[in-house]
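Written below as structure tokens is the structure these notes are about.
The values are calculated or read from the model by the stated rules, or taken from the named source; none is laboratory data. Only a predicted model underlies this, so the values are computations on that prediction, with no experimental measurement involved. Glycine gets a Cβ as well: all are built from the backbone with ideal geometry, and neighbour counts include every protein chain shown. Surface areas here come from the heavy atoms of the whole protein model, side chains and all, with no ligands, DNA or RNA. Shrake-Rupley method; radii C 1.70, N 1.55, O 1.52, S 1.80 Å.
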Amino acid sequence: MSEPARTPFVASLPEAAALARLPGSEVAWLDAARRENLDAFADAGLPDTRVEAWKYTALRALAQRRFEHGDAQAAVRAIDAGALALPGVDGPHLVFVNGAFRADLSSLAELPAGLSLRPLSQALREDAEGLRFALAHRYREAGDAFARLNAALASDGVVLRVAAGTAIAKSVHLLFIGAPADGDLAWHLRNIVELEEGAELALVEHHVATGTQKHLATVVGEVVLRDGAKLDYAIVQDAAEDATLIRHNQLRLGARAHAALHVLELGGALVRHDLRTELAGDEARFVSNGVFALHGRQHVDTQLALRHAALNTASESTWRGVADQRSRGVFRGGIVVAEGADGSDASLSSKNLLLSALAEIDTKPELEIYADEVKAAHGATVGQLDERALFYLRSRGIPHTEARAMLTAAFCRAVLQAMPNEALREHVSQLLLAHLPAE
């Protein structure tokens, strides 16, 4: 008799043993939350395209794969973290290799006053109860399969807190490295970031690879900004070309809080980013700028959901994408202005370029308004390079290939200009140029 079909990722590991090995496994409320999320994942499995949030991203191929849990060799694997440093990012940093924390590569010895930065495994040992609100969450939406899996099996991550009224001068760097290993690995990280009232922080999240691998990584982050806090948040994603990376970030902004997000999506075979932001306090402001540049058979899916839930809040989102060869990009941007959120101001723009007849980009802006005196606008375009601009450059003696590359680069780099860190902005611009087609 053939073995009955089982959910991947769960079937590839002893469930009870895996849960027992996780940090904080003897904390009753945490064990209960992990078990409930794991059971929910096993019962529902992976979402299919009938689930609206996954309409354009099929997971059939992923569902056939099996992954080993974690990487026991990550603690001793030779990694040159210096070669992975980012210009202009010279503050404290945490480094994870295939999901395992590497103290030898991290810099935590002299943290500035008011900044607490620890790996999740350490924070659970020292004060599990202080993490209860963030870690006891049960994910129940049909599209949250990977968040459930992460909530059940996350073995480490980041706990970052900034004290009230503290401005951290140097950028904090979170570095997640995918490295070659024996077999395909699944690893899961959970990040918790909290800025108290009036705190200020620049944060850089960096996903990078040191070699060829086909790992699955899930990263779930919860970011809370208390009243008057300010966060500049850059995400640079340059994972291995065959990797699968699934991220789920939840941001909550208090009164007069301000968050600016800059996203660059370059690597990975299958990449998904769920970004949910709630402007929960009066006069909160959220700005997001993102770009993806795809080639080969890459598939990158961004799901941006903004909820205005208080008076006089504002959001401005500008996203751009480029797809070449047989790649596919997906962008869904949803804005909800809730009842009572009078005076909200929301705008969303998604512009995209197709550089190949076989490439595809699906973009879907959504807007729901349930309040009065609201300013809101949204728009999306998918097209090709402007032939008039191309003709103009060629008429000035610029070869066709170079003119095409110049226009494509200018189209993408426009959304990166808002990054305040000049050295980092120039570096990511060069990364972007390297991923754009040369002909």
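Quick notes
- Those residues of region 78-99 which are over 21 Å from residue 431 (Cβ atoms) and open to solvent by 50 Å² or more (accessible area, probe 1.4 Å), in sequence order: 78
- Of all the residues in region 128-153, those that are touching a strand residue (DSSP E or B) at 6+ places or on another chain (Cβ under 9 Å) and acidic (Asp, Glu) number 1.
- Pairing residues of region 26-44 that are over 10 Å from residue 149 (Cα atoms) and touching a residue at least 60 places away in the same chain (Cβ under 8 Å) with residues that are open to solvent by less than 30 Å² (accessible area, probe 1.4 Å) and of a type in the set (Val, Ile, Thr), at Cβ distances under 9 Å and at least 6 apart in sequence or on separate chains, gives 44/7.
- Some residue of region 57-73 being closer than 29 Å to residue 107 by Cβ, open to solvent by less than 40 Å² (accessible area, probe 1.4 Å) and more than 23 Å from the chain's Cα centre (by Cα): no
- Being of a type in the set (A, V, I, L, M, F, W, C) and in contact with a strand residue (DSSP E or B) (Cβ under 8 Å, 6 or more places away or on another chain) is a property that holds for residue 209.
- The test for being in contact with a Gly (Cβ under 9 Å, 6 or more places away or on another chain), open to solvent by 30 Å² or more (accessible area, probe 1.4 Å) and more than 25 Å from residue 296 (Cβ to Cβ) holds for residue 318.
- Sole residue being part of a loop (DSSP other than H, G, I, E, B) and open to solvent by 70 Å² or more (accessible area, probe 1.4 Å), chosen from 420, 437: 420
- Looking across region 396-413, the residues that are part of a helix (DSSP H, G or I) and either open to solvent by 50 Å² or more (accessible area, probe 1.4 Å) or touching a Phe, Trp or Tyr at 6+ places or on another chain (Cβ under 8 Å) (or both) come down to 400, 401, 402, 406, 410, 413.
- Selected residue [within 25 Å of residue 425 (Cα to Cα) and in contact with a Ser or Thr (Cβ under 6 Å, 6 or more places away or on another chain)] from 304, 294, 279, 275: 294
- Qualifying residue in region 342-357 (condition: farther than 29 Å from residue 404 by Cα and open to solvent by less than 10 Å² (accessible area, probe 1.4 Å)): yes
- Residue, modelled with the highest pLDDT, within region 8-42, restricted to residues that are more than 14 Å from residue 139 (Cα to Cα), open to solvent by 60 Å² or more (accessible area, probe 1.4 Å) and part of a helix (DSSP H, G or I): 28
- Qualifying positions in region 271-286 - part of a strand (DSSP E or B), more than 13 Å from the chain's Cα centre (by Cα), surrounded by fewer than 24 Cβ atoms within 10 Å (Cβ to Cβ) and not acidic (Asp, Glu): 285
- Of all residue pairs spaced 6 or more apart or on separate chains, those with beta-carbon atoms under 7 Å, a first member in region 168-188 that is more than 30 Å from residue 420 (Cα to Cα) and a second member that is among the hydroxyl-bearing types (Ser, Thr, Tyr) and open to solvent by less than 10 Å² (accessible area, probe 1.4 Å) are 188/218.
- Selection count, region 202-233, where residues are of a type in the set (S, T, N, Q) and either under 17 Å from residue 262 (Cα atoms) or not in a loop (DSSP other than H, G, I, E, B) (or both): 1
- Subset tally (residues that are among the β-branched types (Val, Ile, Thr) and part of a strand (DSSP E or B)) for region 87-99: 2
- Looking only at region 288-300, and only at residues there that are surrounded by fewer than 23 Cβ atoms within 10 Å (Cβ to Cβ) and over 15 Å from the mean Cα position of the chain (by Cα), the one that is nearest to residue 57 (Cα to Cα): 297
- Test: residue in region 301-312 that is in a loop (DSSP other than H, G, I, E, B), crowded, with 24+ Cβ neighbours inside 10 Å and free of Cβ contacts under 8 Å to residues at least 40 places away in the same chain: no
- Being in contact with a helix residue (DSSP H, G or I) (Cβ under 8 Å, 6 or more places away or on another chain) and either at negative phi or of a type in the set (Gly, Ala, Ser) (or both) holds for only one residue in 353, 367, and it is 353.
- Qualifying residue in region 339-351 (condition: in a strand (DSSP E or B), modelled with pLDDT of 95 or more and hydrophobic (A, V, I, L, M, F, W, C)): yes
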